[in-house]
Each structure stands twice: as structure tokens, then as C-alpha cells.
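Everything on this sheet refers to the single structure shown next.
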Amino acid sequence: SVGLIPATRGIDAVLDGHAHHVLDLRLPNADGDSIPLLSTGTAGQYLGRLTIHPKGTISHELLTTQSLPSAPRMQSVLDDIEQRLNAAINRKVGYNEQALSDKDAEGNRLVRNHETALADFISDAFRSVLHTQIGLIHGGGIRATLSQGDITIGQLATVSPFNNMAARVSATGQQIMDALEVSVARYPAENGDFHIFSGLRYTIDPSIPSPVIWDANNMFTGVGGTRRVIAVEVQDTLTGTWSAIDPQATYSIGGEDYVLLNQGASGMFKCAKPMPCELLKDIEVLSLYIHSMG
């Protein structure tokens, strides 16, 4: 957003988010006009207030949540929203006989550099519900354990909290092998773009340096040199048998739009071609998959 304002005109204010920055600035745009920029940090650290005055001028400020005056009427509205929200998120969609964790017994996060039962469950869900040959989920999108016991919509939203949409794409075997190199480029270190697959398996040689080529913005541009990923196999959806991936063949992939359509953090699937897909949110995919298992 700091680079957006000087490169544009016609925007009156920019409200930023997601990256956890605290920003309270005015920056000149391409015409030299002073444009307000606000970003409120994380975890309720600040509340941003943007005021458009009757004559069109704009003022802005960051308020600490502790400094806000009490507002009984607002609290009544919030209580009503919370009551309706709780009714929605507490709706039971299934039962889990065994906790599926994103961490090991010592509390160390696993999903960004290890296969886990939780990630397998999610990638299986995308593959099954979207009827694709391959399903996937990136480790950075998994944010909680799926506990043992009743499964609710709220629990699924805690595991997968980003409100992503389901997506289907097609890619060649060669493009998939390139994407695998991006997935394990930082292995064994953690990587939010470390992917866990359903219907696809491979071997990695971590002693080989990553051959992935990045641009100045750390986006994937190609693969050069000796590959870390070897022996890639795809599972037949009907027979369950495994066979070597064909670099020239085309495969269907199901997952989240963040990675498959919007390039995610690295652009690893930028060459994939969009396919028709039902309008489903990620937690709806998980709910449908649980329902399909009875």
C-alpha cells in the first residue's frame, strides 16, 4: 500500500490489512495530492477511524480499543450479532474419533514442513468434493487442530480461517513437478507454501540445494539445475493404483483459490488453467466431505 499511493491517482483513501502493519500516514499520490493510509495492526491492537466530512475532506486516526467510550446501544447490537453468530458456528456437522493436530506432542508446528493427518484430511476433502485427480492444501492455510469429538462449523473455520473459495485448475505434469520444487524449496525449514497432496506422492532429496529461480519479489519464475523432487507418482482415482507422473499429460487439481487462481505467496501455479468450479467456501468443502463419509 505504501507503493500503491504514489503510483495511482483518483483514490481518496487506502485502508490496508492482513500484513499486521500499524500504519497512520499521509502520502502523495501521482498528482501530488495527500492521501491517508491506515492499517490497524493485529489482535485488536487498534481501531481505525476514517471520517468523510460534509465538504468532502477526509480525516483519520488510530484509536486504542481501551480508549473507546462505553456505548450501551452499540453493545446491544454486538450482543445480538454474537448470539446469532454462535448459533451458526456451533452447528454440528460431524464427529471426530481422533484429534487431527497441526503440531507434535511438544507443541511444535508441523504443517509447514511435514505431512500430517490433518493436512491429509483437508487435501482429501478438496480432491473428493471437487472431483479432481489431485487435491492440495498449503501449510500456511492450516491454523488449528481439529479436536476429538463433535465437529462444528466454528471448529472448521478455526482450522481454515481465511474464507477462501474452492478452485479447480488443470496443469501439465511438468508444471506440477515445477510446483513441487517450489513447495519444498525451503525444506526442511518451514514454508507457508509447503503443500500436502491427495492423489500425488513424491520423494525429496534434501541434500540437493533448491533449483527454484525467484524474481526480485520472491515469486517463482522457473527451475534450473538438479531437482530435489524425484519419483513423482499420481494415483488413479478409480483403481487406486500409482503410476509415474507424465510430464506431457494434463491433470485436474482441486484446492483453494488463494494458491490455484490468485498465485498465493509464490506464484507456483501461475501457469495452471482455471476450470469450472462450484461456488464453495473452503469450510463448506470440509463439511460436505465429512457428510459424504456418513
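The values are calculated or read from the model by the stated rules, or taken from the named source; none is laboratory data. No experiment lies behind these values; they were computed from the predicted model shown. Here Cβ is always computed from backbone atoms with ideal geometry, including for glycine, and neighbour counts include all displayed protein chains. SASA here: full protein model, heavy atoms, side chains in, ligands and nucleic acids out. Shrake-Rupley method; radii C 1.70, N 1.55, O 1.52, S 1.80 Å.
Summed over segment 126-148, the residues that are touching an Asp or Glu at 6+ places or on another chain (Cβ under 9 Å) and either of a type outside the set (D, E, K, R) or in a strand (DSSP E or B) (or both) give a count of 16. Before we move on, is ALA189 at pLDDT below 95 and over 18 Å from ILE176 (Cβ atoms)? For ALA189, the condition - at pLDDT below 95 and over 18 Å from ILE176 (Cβ atoms) - is not met.
Within segment 244-253, not a single residue is closer than 21 Å to ALA117 by Cβ, of a type in the set (Phe, Trp, Tyr) and open to solvent by 20 Å² or more (accessible area, probe 1.4 Å). Among residues of segment 27-50 being in a loop (DSSP other than H, G, I, E, B) and in contact with a helix residue (DSSP H, G or I) (Cβ under 6 Å, 6 or more places away or on another chain), the one that is surrounded by the most Cβ atoms within 10 Å (Cβ to Cβ) is ASN29. Tell me which residues, restricted to segment 263-294, are over 20 Å from GLY222 (Cβ atoms) and either aliphatic (A, V, I, L, M) or free of Cβ contacts under 8 Å to residues at least 12 places away in the same chain (or both). If the condition is that a residue be over 20 Å from GLY222 (Cβ atoms) and either aliphatic (A, V, I, L, M) or free of Cβ contacts under 8 Å to residues at least 12 places away in the same chain (or both), then MET275, LEU279, LEU280, ILE283, VAL285, LEU286, LEU288, ILE290, MET293, GLY294 are the ones that fit.
Within segment 103-115, at least one residue is polar (S, T, N, Q), out of contact with any strand residue (DSSP E or B) (no Cβ under 7 Å at 6 or more places or on another chain), open to solvent by 10 Å² or more (accessible area, probe 1.4 Å) and not in a helix (DSSP H, G or I).
Out of the residues in segment 24-46 that are at pLDDT 95 or above and aliphatic (A, V, I, L, M), state the one that is farthest from ILE58 (Cα to Cα). Here the answer is ALA30. Count of segment 149-180 residues, restricted to those that are closer than 22 Å to VAL232 by Cβ and assigned to a helix (DSSP H, G or I), is 8. If the condition is being closer than 30 Å to GLY140 by Cβ and of a type in the set (Asp, Glu), then segment 7-61 contributes ASP16, ASP24. In segment 190-211, the residues that are charged (D, E, K, R) reach residues that are open to solvent by 50 Å² or more (accessible area, probe 1.4 Å) with C-beta atoms within less than 6 angstrom, at least six apart or across chains, in these pairs: ASP193/ALA265; ARG201/GLU233. Of the set (1) basic (Lys, Arg); (2) modelled with pLDDT of 95 or more; (3) more than 15 Å from HIS195 (Cβ to Cβ), all apply to ARG127 but (3). Restricting SER183, SER207 to residues that are open to solvent by 50 Å² or more (accessible area, probe 1.4 Å) and either more than 20 Å from the chain's Cα centre (by Cα) or not acidic (Asp, Glu) (or both) narrows the list to SER207. Among the residues of segment 58-77, is any among the β-branched types (Val, Ile, Thr), closer than 30 Å to ALA117 by Cβ and either in contact with a strand residue (DSSP E or B) (Cβ under 6 Å, 6 or more places away or on another chain) or modelled with pLDDT under 95 (or both)? No, there is no match, as no residue in segment 58-77 is among the β-branched types (Val, Ile, Thr), closer than 30 Å to ALA117 by Cβ and either in contact with a strand residue (DSSP E or B) (Cβ under 6 Å, 6 or more places away or on another chain) or modelled with pLDDT under 95 (or both).
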